[in-house]
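These notes concern the structure reproduced below.
FYI, it's all coordinate maths here, none of it is from the lab. What you are looking at is a predicted structure, and each value in this text was computed from that prediction instead of being measured. Here Cβ is always computed from backbone atoms with ideal geometry, including for glycine, and neighbour counts include all displayed protein chains.
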Amino acid sequence: MLPQDGIVRPEDVASVLPPEERLAQGPVAIAECFQNIPCDPCYHNCKQGAIQEFKEINDRPQIIFDKCNGCGTCMSRCPGLAIFVVDATFSDSEAIVKIPYEFLPIPDVNETVTAINRAGQAVGEARVVRVQNTKVQDRTVIVWLAVPKELMLEVRHFKVRGVQ
Amino acid sequence: MKYTEVAIVGGGPAGLTAAMSAAKLGAEVILIDRNDYLGGQLIKQTHRFFGSKQQRASERGIDIARELSDQVMNIPNIQVMTEATVLGYYEDGVLLVEQNKKIITIHPKRIVISTGGAEKTLLFPNNDLPGVYGAGAVQTLVNVYGVKPGKKVLMVGAGNIGVIVSYQLLQAGIEVVAIIEAAPKIGAYWVHAAKVVRAGVPILTRHTIVKAHGEREVNGATVVRLDENWQPITGTQKKLDVDVICLSVGLTPLSELLWQAGCKMVYVPELGGNVPLRNEHLETSVPGIYVAGDVAGIEEASAAMMEGSLAGLEAAASLGYTSETLQENLRDVLEQLKGLRSGSVGEKIRKGMEQVSLG
Ligand SMILES: Cc1cc2nc3c(=O)[nH]c(=O)nc-3n(C[C@H](O)[C@H](O)[C@H](O)COP(=O)(O)OP(=O)(O)OC[C@H]3O[C@@H](n4cnc5c(N)ncnc54)[C@H](O)[C@@H]3O)c2cc1C
Ligand code: SF4
Ligand code: SF4
């Protein structure tokens, strides 16, 4: 369980997933933030108003999926790096997973990297489609990975080849 | 002898905000820190902070440190003394300071003690071998001096500090073999834990360290699983191949000066150890001595900054300085502190705070 070993499990994620129909419509954020902690930058940084207003700073983020356009602004402000954007509409076989990333080296577009799940295990390969690294992101890079569609709810990290 | 209205001991987030708010009310301030930089712990916090927007959530500690120090350096009625250690407090209200191998005496009208905390350690065989470090020391080596402490690290303690320092070690390209934690649950925010786990670091709760191996330096560590009663389970001993053992088992207030000054102290485990009793103005039992930050109880930088503002305002106000917005500012700070300590993660702090009020 998460509090014992730090591994986010499918049962945890199930409660915060967008419905199938919404996933099928394009990019959408998933906030994998499962504890009431005094933290609210995700809410303050969503210009779409897609994160429900926090009544209290310890509230957990609730994404209003119909308002979320998957822009990813919230991702690079989250101190927990707990928000991901998935886009199931990328191609017939592949989906995009946007990963907040604070390690070096930053991969290049078109580079193949090892896709990693929430337990830290390699689950396949992924291709880097885009790297967002603007000044407002303040050193939290967002890397767009193309992964096989069936892995879009599993891949949450990656390793650059040849780096331990 | 130097004279000043407010002397502030410690230039971390608490001391910096104390200096700023006292100086803004008009007081003449001397800020003293033993390091050659201001910022205290913040100088090595490369990660984004939690908290609310008002308390600069999502900013990185290093950036907050730089900004606060720049502001303080630019306020004319603050005199900053770095590489200056306050060695003692005398009953006539004089601070003894060592700077550049010289002894300086300062006689302030008010003192704010914001000396922060010191790391706790752990008892186990060979804990004196080179290679056994406190997490704060490792963080200073890596993030301030750019030095790798070793190649393979065992982190002891899964609180926020243990987990964040592990993350920073990974960022520096150092392998973290495992994070062990004696308690049945991870103390760090789960989002932090999740982020090191997916980067490949196992967190083993109900585990403790039995001994460090090595002759002249660490070359391994034995860990063991604990049962419900925190007793080692036989047959579960495991030797890990590590060259660094990093202890992150909590901080304790750095309170020597308060003891010396004769402030009434009380042992409060929830706040990290012995802390001074204080009134709602953050004034201790010795009139004119105020406290703020980790020395008043181990919390977070956000709380340290709020307490610093409060102590700085109160110290200056007690000298007769005031402003049109003083009452409002005081109320605002108190509100924010209350908000920070609300909710379930603030429960421990609230429990601690109930035990420290004067009178
Ligand atoms: C690894 C780690 C991660 C953290 N993460 C977060 C976080 O995410 N969010 C958050 O809000 N907080 C975080 N904190 C906590 C935060 O850094 C501290 O709570 C905060 O720095 C306390 O501020 P302070 O001013 O009380 O003490 P400090 O920052 O410790 O400053 C005390 C200063 O006093 C000086 N000093 C002490 N004694 C003397 C003396 N006798 N003479 C002269 N100078 C002296 C010291 O040199 C030091 O500069 C973290 C801490 C650590 C260690
Ligand atoms: S991805 Fe964009 S629209 Fe969606 S919640 Fe985040 S900031 Fe708001
Ligand atoms: S910013 Fe991140 S950690 Fe903070 S509440 Fe939002 S999702 Fe959770």
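Of note:
- Test: residue in the range B:316-339 that is of a type in the set (Asp, Glu) and buried (at least 17 other Cβ atoms within 10 Å of the Cβ): no
- Members of the range B:267-299 found to be over 11 Å from residue B:310 (Cβ atoms), outside any loop (DSSP other than H, G, I, E, B) and hydroxyl-bearing (Ser, Thr, Tyr), listed by number: B:267
- Here B:308, B:346 are screened, and the one residue that is touching a residue at least 24 places away in the same chain (Cβ under 8 Å) and either surrounded by 17 or more Cβ atoms within 10 Å (Cβ to Cβ) or in contact with a Pro (Cβ under 9 Å, 6 or more places away or on another chain) (or both) is B:308.
- Among (1) touching a residue at least 40 places away in the same chain (Cβ under 8 Å); (2) under 23 Å from residue B:119 (Cα atoms), the one test that residue B:240 misses: (2)
- Within the range A:76-99, at least one residue is under 22 Å from residue A:150 (Cα atoms), more than 15 Å from ligand 3 (Cβ to nearest atom) and within 14 Å of chain B (Cβ to nearest Cβ).
- Taking every residue in the range B:38-54 that is more than 9 Å from every other protein chain (Cβ to nearest Cβ) and more than 25 Å from residue B:82 (Cβ to Cβ) and pairing it with any residue that is assigned to a helix (DSSP H, G or I) and of a type outside the set (A, V, I, L, M, F, W, C), at least 6 positions away or on another chain, the pairs with Cβ-Cβ distances below 8 Å are B:54/B:336.
- Any hit, the range A:25-33, residues being away from ligand 2 (no atom under 16 Å from the Cβ) and either in contact with a Cys (Cβ under 8 Å, 6 or more places away or on another chain) or without any contact (Cβ under 8 Å) to a residue 60 or more places away in the chain (or both): no
- Enumeration of residues in the range A:18-34 that are buried (at least 17 other Cβ atoms within 10 Å of the Cβ) and either away from every other protein chain (no Cβ under 14 Å) or within 16 Å of ligand 1 (Cβ to nearest atom) (or both): A:18, A:23, A:27, A:28, A:29, A:33
- Residue B:122 within 21 Å of the chain's Cα centre (by Cα) and away from ligand 1 (no atom under 14 Å from the Cβ): yes
- Residue check, residue A:8 more than 13 Å from ligand 2 (Cβ to nearest atom), surrounded by 15 or more Cβ atoms within 10 Å (Cβ to Cβ), within 13 Å of chain B (Cβ to nearest Cβ) and outside any loop (DSSP other than H, G, I, E, B): no
- Of all residues making up the range A:127-141, the number that are within 14 Å of another protein chain (Cβ to nearest Cβ) and either of a type outside the set (Asp, Glu) or surrounded by 20 or more Cβ atoms within 10 Å (Cβ to Cβ) (or both): 6
- Residue tally, condition closer than 14 Å to residue A:90 by Cβ, touching a residue at least 24 places away in the same chain (Cβ under 8 Å) and in a strand (DSSP E or B), over the range A:128-155: 6
- Residues being on the phi < 0 side of the Ramachandran plot, within 14 Å of chain A (Cβ to nearest Cβ) and more than 12 Å from ligand 1 (Cβ to nearest atom) - total across the range B:125-159: 5
- Hits in the range A:55-113 (condition: away from ligand 2 (no atom under 11 Å from the Cβ), under 27 Å from residue B:56 (Cβ atoms) and not in a loop (DSSP other than H, G, I, E, B)): A:99, A:100, A:101
- Matching option when the condition is surrounded by fewer than 20 Cβ atoms within 10 Å (Cβ to Cβ), among the aliphatic types (A, V, I, L, M), away from ligand 1 (no atom under 16 Å from the Cβ) and away from every other protein chain (no Cβ under 11 Å), among A:64, A:51: A:64
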